[in-house]
């Protein structure tokens, strides 16, 4: 279906980063921006699903690795669709991500082409991720 846009969540406590990512991705994706993990988890609790999730690693109150661990427990399939973002180097980021987490990493400042390609790849390769979890 030509009109379908894959759903992307952006979790970043910096509003300017969320707005930037929305502008970069909105042409190709349906983008929802969250400045806190509580709002994101509330939407997941209410049944909302995403094809890819861009998550900042360093946020006030919770790290991207901790968010991944919460998701892996509650929404295991959806947790596979995570892409971690950080201003740190890839090597530093690798040390912060749980071993079992997907190691989809995008560094800030963003390489826009690489960002779009990674989001598209994760969204397309996780075709069953957007469906509700089995009870």
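Remarks
- When the helices of the chain are scored as -39500 (n - 2.57) per DSSP H run of n ≥ 4 and the total is divided over every residue, the value at 222 nm lands at -12000 deg cm²/dmol.
- Alpha-carbon centroids, region 13-63 and region 68-117: separation in whole Å: 13 Å
- Among 32, 16, 86: highest mean-square fluctuation, GNM of the chain, C-alpha pairs under 10 Å: 16
- Between the beta carbons of residue 48 and residue 23, assuming R0 = 25 Å, the FRET efficiency works out to 0.70 to the nearest 0.05.
- Antiparallel DSSP beta bridges within region 6-125, percent to nearest 5: 10 percent
- Solvent-free Debye scattering, log10 I(q)/I(0), computed from the Cα coordinates of the chain at q = 0.09, 0.12, 0.16 Å⁻¹: -0.22, -0.40, -0.75
The numbers here are math on the coordinates, done by the rules we state, and not lab data. The shown structure was predicted, so the numbers you read here are calculated from the model rather than taken from an experiment. Positions of Cβ are generated from backbone atoms using ideal geometry, with glycine treated the same way; all protein chains shown enter the neighbour counts.
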